[in-house]
Amino acid sequence: MSEFDGLSREELVRIILELRQMVAVLSEKVAYLEKENELLRSQIPGGGKGSGLPPFVKPNRKERREAEKASRKKRTQSFARHRDVQTKEEKHYVEECPDCGHKLSGGWEHDRRQVIDIPETPITITDHILMARRCGYCGKVHVPKLSIKDGVVGKQRVGVRLMSLIATMSTVNRIPVRTIQRMLSSLYGVHISTGEISEILHKVAEFGGQTYQSILREIRGSPYGNGDETGWREDGVNGYLWSISTRSARYFEFNKSRAARVLRKILGYCFGGVLVCDFYGAYNIHEGPIQRCWVHLLRDLSKLAEKNPEDKPLAEWVERIKRIYRSAKKAARREMSESGRAQARLRFEEILGKVITPYIQDQNSAGHVLSKRMDKHMDELFTFVEYPGCPSENNAAERAIRPAVIARKVSGGTRSARGSRTRCVLMSLFGTWQLQDKDPLQACADMIISSQLHVNTI
């Protein structure tokens, strides 16, 4: 039955009139909303009749996906994670049908899933029993001697791999001694005191003494080296950690002084390459070519412009210097003869000199100090243009010394001269191996074995 059944004719007429009145009101609202919508669409690009453009039509999902595929840049290689080589394989079956209980057999490979885990293997403890034998002819007793070939390192009770692991965790991963102690106990079930761990680090540094000196010889013979220094505390007394780096070697040395004589002691008189450094005066002792760090200079220029936001001529002056530097970088990458590179260097020095001259003469200008600095080191700013392969910044030294800065903030430094030397030797060894893309654990083990073989052959 309908809700209108049983109503009189007069009541039905009244309902019809009310519905007509309601339709008229709604029609007026719809017309008003259509005009307002047309006005809003005319203000949007590509929408409405008033815009003069065809109305915007939202593409459907299929068209949108096809457009994304067409505009997507094709990859030269797949970046999906490659499956590792398995060391163990386990096959899983459903023994019986879960629906009817029928026993199942045979089957085929449906899917494969890899799980990577570490084995629960306790540490290996080997008792080397030395058996004595008496010669039946001369009567002498002979006892065998243990060496690195037997896995014995001097008088240490730990082997080569464990010593390398402790040195790697301490130097590369920057793990504190007590944390190393807990990790060895948790992973391998062996307890090593913190004092023994510290002694192991000292021994590894002693074994790497020759490699440490060979790194320094390599740096002295390099075409260029990045130098930097940072504060370091030894037994609560302030000192400095010096660093010299190349593309394949890193060298660290602690000294209580920050004077130029320390740099002379490190580089000696045989280093004739380009010394890349910041504007610290101690590096002036180098008699060979010097390249001052442009990153430090550009940072100071940017800070100067930020401090004087209303000085538009100063901002343009800073931008001109940046353009000169970018042009010099492009010129350094070009193929040129030695004379051509020397002429290009002189040309950039002349251009920069003209730019900074007005600020040098005006002592009250905001750029006076930086202009004097650039004028003082003018012959050391564009060395990278003349010497191919020489960097224009000191980023290599900054990256090399950053782990030491983090370690200093955590530990506060070292407690003795022996600890400082151990720190410097280990950072030099592991930093060099990192630049040479060597596995630090294996490289450290090889170094220990090599040092012990050398001792046994002497």
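Every read-out reported here was derived from the displayed coordinates using simple, explicitly stated rules and does not represent laboratory data. This is a predicted model, so every value here is computed, not measured. A quick note on method: Cβ atoms are made from the backbone with ideal geometry, for glycine too, and the neighbour counts reach across all protein chains shown.
Would you pull out the residues with amide H under 5 Å of Trp232's amide H, same chain only if 5 or more places away, H placed 1.01 Å from N?
Amide H neighbours of Trp232: Gly239, Tyr240, Leu241.
Pop the C-beta distance of Lys74 and Asp437 into the FRET formula with R0 = 41 Å and round what comes out to the nearest 0.05.
Numbers: r = 30 Å, r/R0 = 0.73.
Efficiency at R0 = 41 Å is approximately 0.85.
To the nearest Å, what is the center-to-center distance of segment 86-121 and segment 157-209, using C-alpha atoms only?
First find each Cα centre; the distance between them is then 40 Å.
Based only on other Cβ atoms within 10 Å, what is the fewest-to-most ordering of Leu275, Leu146? Each step should come with its number before you reach the end.
Working: Leu275 26, Leu146 13.
Least crowded to most crowded, the residues run Leu146, Leu275.
Between Leu7 and Glu28, what is the label-to-label distance in nm when each label sits 7 Å out along the Cα-to-Cβ direction?
2.4 nm
At Gln114 and Cys100, where each label point lies 7 Å from the Cα along Cα→Cβ, what is the point-to-point distance in nanometres?
Inter-label distance under the simple model: 3.9 nm.
Let's test the formula: R0 of 51 Å, r as the Cβ-Cβ distance of Phe279 and Ser185. What FRET efficiency results, to the nearest 0.05?
After rounding to 0.05, the efficiency reads 0.55.
Which order do Cys424, Cys138 fall in if you start with the one that has the fewest other Cβ atoms within 10 Å?
Cys138, Cys424
Compare the Cα positions of Ala315, Ala332, Gly367 along the charge dipole of segment 294-386 (+1 at Cβ of Lys, Arg; -1 at Cβ of Asp, Glu; about the Cα centre) and return the one farthest towards the positive end.
Value: Ala332.
Given H placed on each backbone N at 1.01 Å, which residues far from Ile175 in sequence or on other chains put an amide H within less than 5 Å of it?
Ser170
For segment 22-34, what does the Karplus curve 6.51 cos²θ - 1.76 cosθ + 1.60, with θ = phi - 60°, yield as ³J(HN,Hα) per residue in whole Hz, taken in order and with x for Gly and Pro?
Karplus-based 3J(HN,Hα) across segment 22-34 equals 5, 5, 5, 4, 5, 5, 5, 5, 5, 4, 5, 5, 5 Hz.
Treating only the Cβ of Lys, Arg, Asp and Glu as charged (+1, +1, -1, -1), what charge dipole size does segment 114-196 show about its Cα centre? Round to the nearest 20 debye. Can you show the working numbers first?
Details: 11 positive and 5 negative charges, 105 e Å.
Dipole about the Cα centre, nearest 20: 500 debye.
Under 8 Å for C-alpha pairs, at least 6 residues apart: give me the relative contact order for the chain, rounded to a whole percent.
Contact order relative to length: 16 percent.
Among the listed pairs Lys265/Lys330; Lys149/Lys203; Lys329/Lys354, which are separated by more than 25 Å between their Cα atoms?
Correct reply: Lys265/Lys330.
Using the Karplus curve 6.51 cos²θ - 1.76 cosθ + 1.60 with θ = phi - 60°, work out ³J(HN,Hα) for each residue of segment 256-271 in order, rounded to whole Hz, and write x for Gly and Pro.
Residue by residue, segment 256-271 yields 6, 10, 10, 6, 5, 5, 5, 5, 5, 5, 6, 7, x, 9, 9, 7 Hz.
Using unit Cβ charges (K, R positive; D, E negative) and no other charged atoms, how large, in debye to the nearest 20, is the dipole of segment 294-386 about its Cα centre? Present the calculation step by step, with values, prior to reporting the outcome.
On the way: 19 positive and 15 negative charges, 69 e Å.
The dipole magnitude comes to about 340 debye.
Could you calculate the FRET efficiency of Asp362 with Arg415 from 1/(1 + (r/R0)^6), where r is the beta carbon distance between them and R0 is 56 Å, rounded to 0.05?
Computed FRET efficiency for Asp362 and Arg415 comes out at 0.60.
Collect residues whose amide H, placed 1.01 Å from N in the peptide plane, falls under 5 Å from the amide H of Ile290; neighbours closer than 5 in sequence don't count.
Amide H to amide H, under 5 Å and 5 or more residues apart or across chains, Ile290 pairs with Leu275.
Considering the Cα positions of the chain, please state its Rg to one decimal place and its Dmax as a whole number of Å.
Here Rg and the maximum Cα pair distance are 38.1, 144 Å.
What list of ³J(HN,Hα) couplings, whole Hz, do you get for segment 148-153 from phi and the Karplus terms 6.51, -1.76, 1.60, once you set θ to phi - 60° and write x for glycine and proline?
Values, residue by residue: 5, 5, 8, x, 9, 10 Hz.
How much length, in nm to one decimal, is gained on full extension between Glu89 and Asp150, taken as 0.36 nm per residue of separation minus their Cα-Cα distance?
18.5 nm
Please report Thr121, Thr179 as a ranked list, fewest other C-beta atoms within 10 angstrom at the top and most at the bottom.
Sorted ascending by nearby Cβ count, the order is Thr121, Thr179.
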